[in-house]
Amino acid sequence: MTAAQITTLFDAAALQQFAQLLLRSKGMPANRAADVAEILVEGDLLGHDTHGLQLLPTYLAEIEAGAMTLTGEPLVLADQGAVLAWDGRRLPGPWLTLRAIEEASRRARTYGVGIVNIRRSHHIAALAPYAMRVAEDGLVLLLLTSAPAAKSVAPFGGTRGLFSPSPIGVGIPTGDQPMMVDVSTSITTNGLTGRLAREGRKLPAAWLIDEQGVPTDDPAVLVPPRAGTILPLGGVDAGHKGYGLSLMVEALTAGLAGQGRSDPGARWGGTVFVQVIDPQAFNGRGAFEEQMDWIARECRNNPPARAGQPPRLPGQRGLALRRQGLQAGVPLAAGIVATLSTWADKLGVAMPQAIARRD
């Protein structure tokens, strides 16, 4: 194991307090810093370590550069009962998304469905924490986001980057633990490929193509002056499926927002689509959970392709990791710890005490 693969365990509450203090030291109001810190740490707890505290140094740099708005409210562009459109004014993405979910949930309980579309949000981190919250509230969430300035995914059959990985998040309530889908429309993410490129490591398989369209597992092809791209979900053989999903995300985020890739500017952030559905407005929450519980049971009891490895429900592993992390500590990779330590020294905030180190 290399030094880059060593992880250190930290108490989740201590990490959240640490992240909050760093954000507040850069001028973010306390309530917004608390929301951003919580979503980032929840990302790590649920196993999305490329979209957890790894993002915090970049958020701090964005604040320092004046690229993230810290105060004020989103601008209402349209309000049509069940549908609301905001200009997010580059406000902190996790805080803004949580407010959008609150508003969409309130409207869903009135109209059966609530939708909030946001242009010019800042980056919103991992989608699974939002899916967990909404599903635990007995509602269904569909959350999509695209990053207009990012062009790391080529359309299937092409070689020039056009799309961002553009994730899709879904939260589904059941009578037991929620189902949580958090998948990119590309076969991997910018966060993972960037980390592996910095560490000189390769991907598990040929998930990228170089400038000539040749598949490769080397993330260095994405680092300028190279101009390789990430393959759509489905890869070389079935990437047309991920390509189709990318177009769907573009329509529901940038299309409905009226702002996206056709607009000038290379600022980091996203367009966001939040849809919350209340099963009670259809055939009742009980009937919904009865159907989903049956599906969940049949999935778990399906004969395994590999002995001792039965099918998992989406989010099942993440929730297990979360329980473990809350009890034993949140694992952070050495590179993340080093970068956070640099910002802690710079801003005069003490690093939390490590619980243990895991080689």
Query raised in the report: Across 10 Å bins from 0, what is the distribution of all Cα-Cα pair distances for region 200-278, in whole percents?
Result: 17, 32, 36, 14, 2
Report summary line: If each K or R counts +1 and each D or E counts -1, the residues other than residue 311 whose Cβ falls under 12 Å of its Cβ total +4
Report task. Run down the lysines and flag those whose C-alpha is under 16 Å from the C-alpha of residue 26, throwing out any fewer than 8 positions away in its chain. Result -> 346
Query raised in the report: Computed on alpha carbon atoms, what radius of gyration and Dmax characterise region 39-149, expressed in Å?
Result: 14.3, 41
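Under a Cβ-Cβ cut-off of 15 Å, what is the net charge of the residues other than residue 276 that fall near it, where Lys and Arg count +1 and Asp and Glu count -1?
Its environment carries a net charge of +1.
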Query raised in the report: When the Karplus curve 6.51 cos²θ - 1.76 cosθ + 1.60 is applied with θ = phi - 60°, which whole-Hz ³J(HN,Hα) does each residue of region 339-356 get, with x for Gly and Pro?
Result: 5, 5, 5, 4, 5, 4, 5, 5, 9, x, 10, 6, 5, x, 6, 6, 7, 6
Requested in this report: Could you rank the peptides 44-53, 155-164, 176-185 by their average count of other C-beta atoms within 10 Å per residue, with the highest value first?
Outcome: 44-53, 176-185, 155-164
Report summary line: Connecting every pair of Cα atoms under 10 Å apart in the chain and solving the GNM, the largest mean-square fluctuation among 118, 336, 39 falls on 336
Query raised in the report: What spacing in nm lies between the two simple spin-label points modelled at residue 217 and residue 261, each 7 Å away from Cα in the Cβ direction?
Result: 2.9 nm
Query raised in the report: At 222 nm, what helix-only mean residue ellipticity would the chain give, in deg cm²/dmol to the nearest 500, using -39500 (n - 2.57) for each DSSP H run of four or more?
Result: -12000 deg cm²/dmol
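Kindly work out what percent of the DSSP beta bridges joining two residues of the chain are antiparallel, to the nearest 5.
Around 90 percent of the beta bridges assigned by DSSP in the chain are antiparallel ones.
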Requested in this report: Name the residue, out of 271, 174, 58, whose mean-square fluctuation peaks in a Gaussian network model built on the chain with Cα pairs under 10 Å.
Outcome: 58
Query raised in the report: Among bridges DSSP assigns within region 1-122, what percent are antiparallel (round to 5)?
Result: 45 percent
Query - region 178-274: relative contact order as a whole-number percent, Cα under 8 Å and 6+ apart - result: 22 percent
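Report, to one decimal in Å, the Kirkwood hydrodynamic radius for region 169-215 based on all distinct Cα pairs.
13.3 Å
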Report task. For residue 102 and residue 302, calculate 0.36 nm times their separation in residues minus their Cα-Cα distance, and state this gained length in nm to one decimal. Result -> 68.4 nm
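Dividing the alpha-carbon radius of gyration of region 1-101 by 2.2 N^0.38 Å (N being the number of residues), what value is obtained? It would help to have the intermediate numbers written out before the result.
Numbers: Rg = 15.5 Å, N = 101, 2.2 N^0.38 = 12.7 Å.
Here the answer is 1.22, to two decimals.
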Report task. For the chain, restrict the atom set to alpha-carbon positions and state the Rg and Dmax in Å. Result -> 20.2, 56
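Send over the per residue convex hull volume for region 133-273, Cα only, as a whole number of Å³.
Dividing the Cα hull volume of region 133-273 by its residue count gives 128 Å³.
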**Report entry** FRET efficiency estimate (nearest 0.05) - Cβ-Cβ, residue 9 to residue 293, R0 30 angstrom
**Finding:** 0.30
Query raised in the report: Can you give me the relative contact order of the chain as a percent, contacts being Cα pairs under 8 Å and 6 or more apart?
Result: 25 percent
Query raised in the report: So how much slack lies between residue 338 and residue 58, counting 0.36 nm per residue of separation and subtracting their Cα-Cα distance, in nm?
Result: 99.4 nm
Requested in this report: Determine the gain in length on full extension of the stretch residue 358-residue 73; use 0.36 nm per residue of separation and subtract their C-alpha separation, reporting nm with one decimal.
Outcome: 98.4 nm
Report task. Over all alpha-carbon pairs of region 207-359, lay out the pair-distance distribution in 5 Å bins, whole %, shortest bin first. Result -> 2, 6, 7, 8, 11, 16, 17, 15, 11, 6, 1, 0
**Report entry** Candidate lysines - alpha carbon under 25 Å from residue 241, same-chain residues fewer than 8 apart omitted
**Finding:** 151, 202
Report task. Could you work out how far apart the two model spin labels at residue 205 and residue 159 are, taking each label as a point 7 Å from the Cα in the direction of the beta carbon, and quote it in nm? Result -> 2.4 nm
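Determine, for 111, 243, the number of other Cβ atoms within 10 Å of each Cβ, and report the residues in order from fewest to most.
111, 243
For region 35-174, calculate the relative contact order in percent as a whole number, restricting contacts to Cα pairs under 8 Å that are 6 or more residues apart. Please report the intermediate quantities before stating the final value.
Working: 238 pairs, mean separation 27.4, N = 140.
Answer for region 35-174 is 20 percent.
Every number in this text was worked out from the coordinates using simple rules, so none of it is lab data. All of these numbers come straight from a predicted model, not from anything done at the bench. All Cβ positions, glycine included, derive from the backbone under ideal geometry; neighbour counts span all protein chains shown.
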